[in-house]
């Protein structure tokens, strides 16, 4: 009988060992030892899966020299506070079962993954979470989550640091280390196409027509791009509270044809709007922002900014829109100009925009 039990034990251990040895580790820098310019290598998504600026280096490591500190939203008002996420770069995975695990301490975390389609994540249906894990402030706790993909899928592994709620939980920073993703029947899928890259430069700014094509294609819209057009209509220039402007641009400068809405944008270089006449109908602008289809309206989303107006670039800051007739005026090349000159002029050592 003892011999049978011994053989059974050996068989079970062989099975367990065989299973463990067949697991494949899919992450690089899961120990957070490699950082560049304040960013952990591979721990930055090209979409909205990660909350920018919330993942920083920590020397309070479980192993090695470094760990990752996932900051919480400090807002203590549950109605205004937001959940914070860290995310691994996009992974193209085969169908199969996967196990993510890591060690953490702090308040609470919630492991999961986000499904990326054409470089974007559906905010309502794209996030798949496991259970909340309550942590210790001083002791490392192993957090695990297993999930199954039925088909090849592009995902980002995510960890949520939940916001302060009205049930007694106060958001707390979380420290994370020794992150792993393993599988026995899945793996990296080289057949999944990477997300489209639509990034460009001011010199290759898209036309409004091209911006419409990109929005309709729906690929790579997580990236900010440059779009060039002429202001065809101005909805609002708000100069008392939010200091932004909403206006339309088109390729021909008229209200006919395709109209791209620039929603709640800032002035040159991200500066506040301080005067309603800082933009005018007919001005040619290059705007830097994120394209979006908002309920059927094609827009450059909020948090955009003007790169240039009529050739005046983002390098020109603090432009005052006024006329100073009592001093000689010079263009940026140092040549004296008269009041009929259009563009940036210098008077009394200050820059002005003549229109």
Restricting attention to region 111-128, which residues are within 22 Å of residue 82 (Cα to Cα) and not in a loop (DSSP other than H, G, I, E, B)?
111, 112, 113, 114, 115, 120, 127, 128
Counting only residues that are touching a strand residue (DSSP E or B) at 6+ places or on another chain (Cβ under 8 Å) and either surrounded by fewer than 22 Cβ atoms within 10 Å (Cβ to Cβ) or more than 26 Å from residue 34 (Cβ to Cβ) (or both), region 76-92 contains a total of 5
Being under 27 Å from the mean Cα position of the chain (by Cα) and without any contact (Cβ under 8 Å) to a residue 40 or more places away in the chain is the filter; apply it to region 240-258 and report the residue that is nearest to residue 296 (Cα to Cα).
248
Of 271, 327, the only residue that is outside any strand (DSSP E or B) and modelled with pLDDT under 90 is 327
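Taking region 222-242 on its own, how many of its residues are part of a loop (DSSP other than H, G, I, E, B), under 29 Å from residue 120 (Cβ atoms) and modelled with pLDDT under 95? Step through it out loud before you land on a result.
Taking region 222-242 and keeping what is part of a loop (DSSP other than H, G, I, E, B), we get 222-223, 238-242.
Of the ones still in play, those that are also under 29 Å from residue 120 (Cβ atoms) are 222-223, 238, 242.
With modelled with pLDDT under 95 added as a condition, the list becomes 222-223, 242.
Of the residues in that region, 3 qualify.
With the requirement that a residue be within 28 Å of residue 342 (Cα to Cα) and part of a strand (DSSP E or B), what does region 281-310 give you?
Matches in region 281-310: 284, 285, 286, 287, 288, 289, 300, 305, 306, 307, 308, 309.
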For region 162-178, check the following and say yes or no: at least one residue is at positive phi and modelled with pLDDT of 95 or more.
yes
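Among the residues of region 246-256, are any part of a loop (DSSP other than H, G, I, E, B), under 21 Å from residue 199 (Cα atoms) and in contact with a helix residue (DSSP H, G or I) (Cβ under 8 Å, 6 or more places away or on another chain)?
The answer is yes; a qualifying residue exists.
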In region 70-110, residues that are assigned to a loop (DSSP other than H, G, I, E, B) and on the phi > 0 side of the Ramachandran plot total 1
Residue 114 buried (at least 19 other Cβ atoms within 10 Å of the Cβ) and in contact (Cβ under 8 Å) with a residue 24 or more places away in the chain:
yes
Taking into account only those residues within region 52-65 that are free of Cβ contacts under 8 Å to residues at least 40 places away in the same chain and within 18 Å of residue 106 (Cα to Cα), which is surrounded by the most Cβ atoms within 10 Å (Cβ to Cβ)?
55
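The values are calculated or read from the model by the stated rules, or taken from the named source; none is laboratory data. Only a predicted model underlies this, so the values are computations on that prediction, with no experimental measurement involved. Cβ sites come from the backbone with ideal geometry, for glycine too, and all protein chains shown count toward neighbours.
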